[in-house]
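A.B. asks: Please see the structure below; I have some questions.
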Amino acid sequence: MLVGFDDDLAGEATRLSKRIRGLLTGIHPTLERVLGPRVTHRAVLEILSRCGGPTGIRTAGRRKVAVVATTHAPRMGEKLVADIWTALDEQTVTVPGTTAADTVLPRLADNLKTVLQQRSQVATEVEEILDAHPLARVLT
């Protein structure tokens, strides 16, 4: 049952990450190229959750985004922020719906964080069940 539930959560995580990437592609393709491949990383999710899309990120400012990024990704935080700002500067056109994306993206990021946290909890529970099984050493 737990493995089946984890499969459902995996599908939901995939759906949410594709939704985030699709939304970013529609409003700011260069930003999607930076954040999209890392969309499930804790630092990226925190930036999206706290700032929203390109408008919200720029409004928050480089310093605030850097604090969030380096807190959740000490090794790649500074490079991530530099890449984000390069992407923000590359696009000169503001696409209709960009402001609405600043409202939607934090909600999607929060939902994805919740689903990923649930998957982690389920994995821990499955490991505990397996460890408690009398044949655990044979099975592993």
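A.B. asks: When the helix-only estimate is applied to the chain (DSSP H runs of n ≥ 4, each -39,500 (n - 2.57), divided by the residue count), what is the mean residue ellipticity at 222 nm, nearest 500 deg cm²/dmol?
C.D. replies: -26500 deg cm²/dmol
A.B. asks: Where the eigenvalues come from the Cα gyration tensor of the chain, what are the semi-axes √(5λ) of the equivalent ellipsoid, largest first, in whole Å?
C.D. replies: Semi-axis lengths for the chain are 35, 16, 11 Å.
A.B. asks: Give me the number: length gained by fully extending residue 58 to residue 130, i.e. 0.36 nm times residue separation minus the C-alpha to C-alpha distance, one decimal in nm.
C.D. replies: Using 0.36 nm per residue and subtracting the Cα-Cα distance, I get 21.2 nm.
A short reminder: the numbers here are calculations on the coordinates, not readings from a lab. This structure is a prediction, so every number in the text was calculated from the model and none was measured.
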